[in-house]
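Let me begin by presenting the structure, written as structure tokens, before commenting on it.
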Amino acid sequence: TVNFNLNGREVTVPAGITILEAARLHGVKIPTLCHHPDQRVKANCRVCVVEVEGQKNLAASCATTVAAGMKVKTNSPRIRETVQTILELIFANHPQECLTCIRNGNCELRRLAADYGMLEVKGEMVTDALPLDTSTPSLVRNPNKCIKCGRCAEVCHHVQETGVLYSHFRSVDVQVAPEYGKYLSDVACVLCGQCAAVCPVGAIHEKDDIASVWAALDDPGKHVVVQVAPAVRVSIAEEFGQPPGTIATGRLVSALRKLGFDRVFDTDFTADLTIMEEGHELLHRLKTGGALPLMTSCSPGWVKYIEHNYPELLPHVSTCKSPQQMFGALAKSYYSQKSGIDPADIFVVSIMPCTAKKFESQRPEMNASGHQDVDAVLTTRELGRILKQAGVDFATLEDDAFDDPLGISTGAAAIFGVTGGVMEAALRTVYEVVTGQELADVEFTAVRGLEGIKEATVDLAGTSVKVAVAHGLGNARRIMDLLRAGQADYTFIEIMCCPGGCIGGGGQPYGTTNAVRRQRIEAAYRVDAGLAIRKSHHNPAIAKLYEEFLRHPLSETSHHLLHTRYKN
Ligand code: HC0
């Protein structure tokens, strides 16, 4: 520990931390903009400046380590004046469109303006008129609102290692954009939306598809069904001020009914189905000498990433479509037949924690039912907004249950949204199918947790199977490089595009940090532990689906509706 003087008070803090962190530990709030708790220090914005006795210049508290005996002031006329000047300069170059901005209500710049009592914009407004990038189905980039904090570029380069967003030009001309000012659709962007998740303002955000969902709900000729991804039930409550890790499954179902959906179904149902199909695909590859290791295919940002960066490894990717897409294909075939509703009249909405899911739903491979299988995708943040538009008071809702049959699921599906969850769910099923014995302890703790790459070896009736799990594309890259070099001895690999898995998806509520990820992850494991059935192959609705429609895993109907090959 070290002792230093903070605003006239002697305090003790752990050695090696910054003034910003030390101040927070002692209840002193220093404003920040470019700082993000999970990112490397950038010290771009300088709104976190403090006075350190004996130093001529103000110090950026995010980039200054506490030293023993330091005397630090976080509030003084000089600091207030400096921060106000910085804010004035940002405002003079920032469109005053707060009322119609998608970040109205959760903009970090606006909050700072309020905290600092910025009642006027001094000087001349010099706003840009750069074109918006609406080139992808997932994201909108509005360079005019960019405050050049660098958070998006940081996550794009150093976490996802996709290297799409760069800082260009110098001084007042700085722009954060893809190379040569290209559109996102023209570069190797995977549309994960991690940039949008960390943007403090409205410079990059999800494409808002709420209008198309309202249009379907208001159309009496449409039978509108909704599916909800596993990660949304442990995060949606945050949109209504509740703490991360709040489990809101029952209230989520009630809320969706209030919006007017004809059926409220669950992506967890097709997550169980994915385990059946992908588990049998693994066994089939083991038996027939197919491409191994098998790699999961449910994360669309990951699929897009391997298409761009490692196309020669595509044969390793499972042919299974993601649970979202399996659901769409079944809604417009199996459910259509059972309910007697023409698939042309069925409109499928997905609620996803993910911006890449919007892109996935529009891929040309995703029309197996003869129609676009999923019609519209809303992120968790959009779900929060549409519920607010409808006046749904989320906090006071009663619990309700998903509809039959596409709403029945197990604990194995509940953990899909967590890094390692798909692997754990698959192992629960593959183990029992191969050994014919009951798996007593269903929890594969070796694949749990936030470590970037996790490994485990599982004994399947004498055959030992080595598995790996990676989350975040920087970690995926490391495994792909091993595989490319012939140095990976894995049989099965799970990759999730976003750090933490879908619970940390680019469409999740703002404020996602590793601490928040941990709380959502714990909640997902609590959902699993609380369910009576925790193995996908024990899901009675899945058994019925095979009996009535698909016949058996990897059947011809399964292949037609639920599998595809990604080629590039
Ligand atoms: Fe996921 Fe999924 S778990 S990708 O993270 O597999 O988005 O939550 O819905 O499809 O089920 C996201 C989350 C899903 C899919 C499922 C998978």
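Listed by position, the helices (runs of 4 or more DSSP H) enclosed by the range 189-306 that each have at least 1 residues that are under 16 Å from the mean Cα position of the chain (by Cα) and more than 16 Å from the ligand (Cβ to nearest atom) are 194-198. Does E365 satisfy being acidic (D, E), within 16 Å of the ligand (Cβ to nearest atom), in a helix (DSSP H, G or I) and in the same structural domain as S297 (by TED's automatic domain parsing)? Criteria not met by E365. Please verify whether K321 is touching a residue at least 24 places away in the same chain (Cβ under 8 Å), away from the ligand (no atom under 14 Å from the Cβ) and closer than 24 Å to T410 by Cα, treating the condition exactly as stated. So K321 fails the test.
Taking the range 397-438 as the range and being of a type in the set (G, A, S) and within 12 Å of the ligand (Cβ to nearest atom) as the test, the residues that pass are S409, A412, A413, A414, G417, G420, G421, A425, A426. All of (1) touching a Gly at 6+ places or on another chain (Cβ under 9 Å); (2) at pLDDT below 95 hold for L119 with one exception: (1). Just checking, does the range 481-494 include any residue being in contact with a Gly (Cβ under 8 Å, 6 or more places away or on another chain) and touching a residue at least 12 places away in the same chain (Cβ under 8 Å)? Yes: one or more hits. For the range 1-16, the set of residues classified as outside any strand (DSSP E or B) and surrounded by 15 or more Cβ atoms within 10 Å (Cβ to Cβ) consists of N7 only. On inspection, V348 qualifies as β-branched (V, I, T), within 14 Å of the ligand (Cβ to nearest atom) and assigned by TED's automatic domain parsing to the domain that holds G417. Exactly one residue out of I521, I493, I503 is out of contact with any Pro (no Cβ under 9 Å at 6 or more places or on another chain) and surrounded by 17 or more Cβ atoms within 10 Å (Cβ to Cβ), and it is I521.
Scoring I453 on the criteria (1) closer than 30 Å to L184 by Cα; (2) buried (at least 24 other Cβ atoms within 10 Å of the Cβ); (3) β-branched (V, I, T) leaves a single failure, condition (2).
Quick one: would you say G27 is free of Cβ contacts under 8 Å to residues at least 12 places away in the same chain and more than 19 Å from L109 (Cα to Cα)? Taking the combined requirement at face value, the residue satisfies it. Among residues of the range 377-396 being among the aliphatic types (A, V, I, L, M) and more than 10 Å from the ligand (Cβ to nearest atom), the one that is surrounded by the most Cβ atoms within 10 Å (Cβ to Cβ) is L383.
Checked against (1) surrounded by fewer than 24 Cβ atoms within 10 Å (Cβ to Cβ); (2) assigned to a helix (DSSP H, G or I), A426 meets all criteria but (1).
The values are calculated or read from the model by the stated rules, or taken from the named source; none is laboratory data. None of the values given here were measured: they were computed from a predicted structure. A quick note on method: Cβ atoms are made from the backbone with ideal geometry, for glycine too, and the neighbour counts reach across all protein chains shown.
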